[in-house]
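Visitor: Before we start, here is the structure in question, set down as structure tokens.
The values are calculated or read from the model by the stated rules, or taken from the named source; none is laboratory data. From a predicted model like this one, the values you see are computed outputs, not experimental measurements. Using ideal geometry, Cβ is built from the backbone for each residue, glycine included, and neighbour counts are taken over all protein chains shown. The area values use the complete protein model at the heavy-atom level, side chains included, leaving out ligands, DNA and RNA. Shrake-Rupley method; radii C 1.70, N 1.55, O 1.52, S 1.80 Å.
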Amino acid sequence: MAAALVGGAALGPVFDLLLKSVIDVGIHIATFRSKFLSLKQTLTDIKPVFDDIERLSKALDGRDEEIDMFKKQLMKGEELVLKCSKIKRCDPLKKWSYSRKLTKLDNSLVKFCQIHGLIQVVRDSKQILVKVNENGKKLEEIHSMMRNVSLMRSGSSIGFTNSSGSSGWMNGSSFGFSGLSNMPQVSDSMVGFEVPLHELKQKLKLLQEKDQVLVLSAPPGCGKTTLAAKLCQEDDIKAIYSDNIFFVTVTKKQKIKCIVGEIFEKKGYRVPEFDTEDDAICQLNNFLRGITQPILLVLDDVWSESELIIDHLKLQIPDFKILVTSRFVFPKFDTYKLKGLSEKDAKHLFCTSAFKDGIPDVRLDLVDKVVRSCGGFPLALRVVGRSLCGQSEVIWLNRVMMQSKRQIFFPTENDLLRSLQTSIDALDKGALHSRETTILRDCYLDLGSFPEDQRIHPAALLDMWVERYNLDEDGITAMAIFLELSSQNLVNLALARQDARAVLGLHNLHYIQQHDMLRELVIHRCDEKPVEERMRIYINIKGNDFPRWWFEQRLQPLQAEVLSIVTDEDFSCNWHGVRFPKVEVLVLNFETRTYNLPPFIEQMSQLKTLVVTNNGFFPANLNNFQLCSLLNLKRINLERISVTSIFTANLQLPNLRKISLNMCEIGEAFENSAAKMPYMWPKLVEMNIEYCSDLTKVPAETCDLVDLKRLSICYCHELVALPEELGRLTNLEVLRLHSCTNLAELPKSIVKLNKLKFLDVYDCVAMDNLPLEMDQLCSLQTLCMGSSLGIDKLPDSLQKLVKLEDVVCDEETAYLWESVKEHLKNLRITVMEEHINLNLLHRS
């Protein structure tokens, strides 16, 4: 029967045979159960992709050599699964060998999409262009699908990957996070949400097609976002909408083009350029009509002035519903009003945050008073409760006095802020010790530098804190601060791997996010003083509407040390001259394709850290990048920027210590200007390059930065090689190459880096060997490696790495290290679970 399938018709029967074998064997054989579960999930997730490839092939000219090749591969996979059923548990060598083969099979399924599918698309691009209308399948969708398939293997456990920026057949964004989900992580043990969840779910299911919109309304801090996210993750809701749930956070005065762009990104497609808002709606309508399954659009945190946006997004598409969360009420739409927690649930939630095991160890009347002051707000109950955890009754009494004297049964937004305020004031009494304790509150107040609902890159905060508070550059203290703020329920941390937190430290942290009410509290605290006395100035400019004080202070220098300026896509005004002579940290956020840096930067003689973030979908050009007068500038952090504007400026920054390029367009400027770097930045000790999808190689001249101690090139999926001159970086201590999926090998000269302490090649799936003379890396303490398809044997020289303390790897690689561990008695091996997110592969 198998032979008959080759050259036959659909992939479906072949898929079904393999899937059936995986299920049957997986049920009865415990030895490879985790592998079979992973394989089953992969087959389930990628079948629609292969159906698309096969359908496209038939629609063109009937050639299906690649399909036949894959069928043979599937049948070999079925044979492998059957052989695994006969492996005895007492034979560890065979178990390891077949476990590796299952992993290779699993990876090869996805790899097929990248190689054979993309080859076919390129080969037949002309025919596809002719048949786009006939087949209803846009070429850019296929291209994006192939691109995302190759990235899934390097996606993190929080489920986001970066879009490849290779040139395609349409003009669109290729530098955003594709498939990026803003859906918050929710706990399985939420208090007091059982009834609201059931009621909201029923209301959504019963929503008539003519109504289409359901509003979830409640005051801030009541858990609207959490409830909506929990609903989206319910099995019966996922069964209806599959992967067609789009969760978009809507900020104040959000533009439709931004919302539509996010929807494209979340589905893994390149964002088109929208001429107008109407054009964005038109393209969204065409895009969603191509999805044959029900669609749920969640618009989170919609403001009253955005009601028209909801109207515009009410597209006449079958089985398309919109769930809106808002602190406001929209009478024209069906509404579910979420109430605060009952007294019983409020007390239970508070006690789980305030006491070990949830059992009170202070007077119950004090507990009751604090709980009532929080007014049933889950946010306040968690934050206030955690701030009182482990405190004496004296502190509790003081807190009760600090809270409002009246009982809050119907709290307002100001009441919530007042409840949270005491917890912010108590930050300096946190769990950190010595000097760190005194700066915890300052670090938290610095979070206001970033726009509402923005995911904050930890490196940006580290750059601020290292210079302002003299923190260590390796991020150990910063990570302790992040964890303390998280334990106080003041921020949410997205960790890549829970199982390697202690080993990887800051490298394991993807982003930080805070509740918008907590951010408003930070802004409120910083704005209490007159502008001329503020240490932090946070400015949000809508259009060209500058704050009034801006013009009043033109002749008087301000005293701020931290300055943050946020502008939107309508900003086009020339900067007006204001002096900020004491600013040490400048954070700029914008949305335009071209951005003129404020000319007053040149007078910021004390500036040490510059963070520039483009929140649009396309890499932006920076004008007026004249920073040579800033002799104290030590750190530059850029996101979604075309670096051509940087290198053409010929920046002479004699004291620059670190530069970070995140999702930037590298182009040829990086290579052409590499020879200048050692002269422009003679004291550079750290370079970070992440998600720069057009970076194919690192120029050899980069290795002339001989003072470089930390080099991080991660998630650069087009990087194919490192220069052999890498060995010249003799002061290098950290080398991170995480998830550079096309990097096949390390240069032999790497063994000359005798100061190297940390090496990360995890998820470098194309890498099939390590240098034989690894023992020359005599200072190596931590090595991260895993998910490499071809590494079947480790060099014997690893046994001589006497300083090696930690190896972070996958299950199969851990088996290879067992023999090495016999020679290195102090070696710790941390096995990381496979985290593969294939949701982006679904296509309707």
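Visitor: Given all pairs of different Cα atoms, what value in angstroms does the Kirkwood hydrodynamic radius of region 691-762 take?
Guide: 12.1
Visitor: Give, in nm to one decimal, the length gained when the segment between Ser779 and Asp368 is fully stretched (0.36 nm per residue of separation minus the Cα-Cα distance).
Guide: 142.4 nm
Visitor: Report Rg/Rh for region 517-591, rounded to two decimals, where Rg is the Cα radius of gyration and Rh the Kirkwood radius.
Guide: 0.94
Visitor: Mind scanning Lys205/Lys344; Lys683/Lys800; Lys205/Lys255; Lys230/Lys757; Lys104/Lys748; Lys266/Lys709 and naming the pairs with a C-alpha gap bigger than 31 Å?
Guide: Going by Cα-Cα distance, Lys683/Lys800; Lys230/Lys757; Lys266/Lys709 fall outside the 31 Å limit.
Visitor: According to the Kirkwood expression over distinct Cα-Cα pairs, how big is the hydrodynamic radius of region 318-359, in Å?
Guide: So the Kirkwood estimate lands at 13.6 Å.
Visitor: Let me ask something else. Any chance you could run the full-extension gain for Glu307 through Asp704? It's 0.36 nm times the residue separation minus the Cα-Cα distance, nm to one decimal.
Guide: 137.3 nm
Visitor: A 30 angstrom limit on the alpha carbon distance is what I want to check against. Which of Lys35/Lys72; Lys252/Lys337; Lys582/Lys697 exceed it?
Guide: Lys582/Lys697
Visitor: What base-10 log of the normalised intensity I(q)/I(0) is obtained for region 486-636 from the Debye formula, alpha carbons as equal point scatterers, at q = 0.13, 0.18 Å⁻¹?
Guide: -0.72, -1.23
Visitor: Also: Within 10 Å, count the other beta carbons around each residue, average over each peptide in 631-638, 330-337, and list them highest first.
Guide: 631-638, 330-337
Visitor: A further question follows. In region 607-744, carbon and sulfur make up what percent of the accessible area (probe 1.4 Å)?
Guide: That share works out to 47 percent.
Visitor: Quick one: length gained pulling Lys344 to Glu199 fully straight, 0.36 nm per residue minus the C-alpha distance?
Guide: Between Lys344 and Glu199, full extension yields 50.2 nm more.
Visitor: If you take the C-alpha gyration tensor of region 573-680, multiply each eigenvalue by 5 and take the square root, what semi-axes do you get, largest first, in whole Å?
Guide: After scaling each eigenvalue by five and taking roots: 20, 18, 12 Å.
Visitor: Within region 526-544, find all residues whose amide N lies under 13 Å from a label point positioned 7 Å from the Cα of Gln606 along Cα-to-beta-carbon.
Guide: 533-537
Visitor: Compute for region 774-830: radius of gyration divided by Kirkwood radius, i.e. Rg/Rh, restricted to C-alpha atoms, rounded to two decimals.
Guide: 0.92
Visitor: Residue by residue through region 608-620, which ³J(HN,Hα) values in whole Hz follow from phi under the Karplus form 6.51 cos²θ - 1.76 cosθ + 1.60 (θ = phi - 60°), with glycine and proline marked x?
Guide: Result, ordered by residue: 10, 10, 10, 10, 10, 10, 9, 8, x, 9, 10, x, 9 Hz.
Visitor: Could I ask something else about it? Could you work out the Kirkwood radius for region 267-391, taking every pair of different alpha carbons, averaging 1/r and inverting it, reported in Å?
Guide: Evaluated over region 267-391, this radius sits at 18.3 Å.
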